[in-house]
Amino acid sequence: MSGNEPDDREERSLPPSPELEEALREAADAIDAREKARRGENDPGAAQAAELESLRAELAEVKDRHLRLAADFDNFRRRSLRDREEAHHFGHQNLVKELLSSVDNLERAIDHARTGGDESSEGLLEGVQLVLRELHAVLAKHGVTLIDAKGQLFDPALHEAMAQVPDASVPANTIVQVFQPGYQLRGRLLRPARVVVSKPPEGAEEN
């Protein structure tokens, strides 16, 4: 081969172009990125850190559920205790209300016997009084108390006014007569006392 003949290798080589160089750089970057990602997935330390973070989040969620459950249980316990105390103190309220009419009838019978003046009814009167005292004792044992009304100032929370009468001997709105006694059950009103309330005489109001 003479020196003037062209070299086939020189004819086959192409000068580098900017587009080709950019494509090669992008391919190399992509390969490096995949390699870094693969090394990160295979890194035991990174996997353990991710698992630890997941366990911490799960533990926080369990603690939060436990606190909510404890609060709900405490509220349920308090509500149950309150309901149990309510049933213990006031569960027999309806029964007591039914017995009050019997108490009223016994008291009326005693008043009638006293005003009748019949000596033959003295024994019966004593027996009725004994039954009434025993009934009052049973009611008191279960928390029933009589409302002290006569001579007291009228209280709409405890008394029911049936009438008003002029009376200058006591302050206005004073209870001067009790038609029907009232009762309370451990501070809760069972029946208001039906009463007559005083008012100033007409001349006193004008003065």
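What follows draws every value from the coordinates through simple rules; no lab data is involved. A quick note: this is a predicted structure, and the numbers were derived from the prediction, not measured. We place every Cβ from the backbone using ideal geometry, glycine too, and count neighbours over all the protein chains shown.
Whole-Hz ³J(HN,Hα) for each residue in the range 183-196, computed from phi via Karplus 6.51 cos²θ - 1.76 cosθ + 1.60 with θ = phi - 60°, x for glycine and proline: what do you get?
9, 10, 10, 6, x, 9, 5, 8, 8, x, 7, 8, 9, 10
Taking the Cα-to-Cβ direction at A23 and at A163 and moving 7 Å from each Cα, how far apart do the two end points lie in nm?
Taking the simple label geometry, A23 and A163 are separated by 12.0 nm.
Please rank S121, S198, fewest neighbouring Cβ atoms within 10 Å first, as an exposure proxy.
Listed from fewest to most nearby Cβ atoms, that is S121, S198.
At 7 Å along Cα-to-Cβ for each site, give me the label-to-label distance between I31 and R65 in nm.
Inter-label distance under the simple model: 5.0 nm.
Using θ = phi - 60° and the Karplus relation 6.51 cos²θ - 1.76 cosθ + 1.60, list the HN-Hα couplings for the range 78-88 in order, rounded to whole Hz, with x at every Gly or Pro.
Using θ = phi - 60°, the values come out as 5, 5, 5, 5, 5, 5, 5, 5, 4, 5, 5 Hz.
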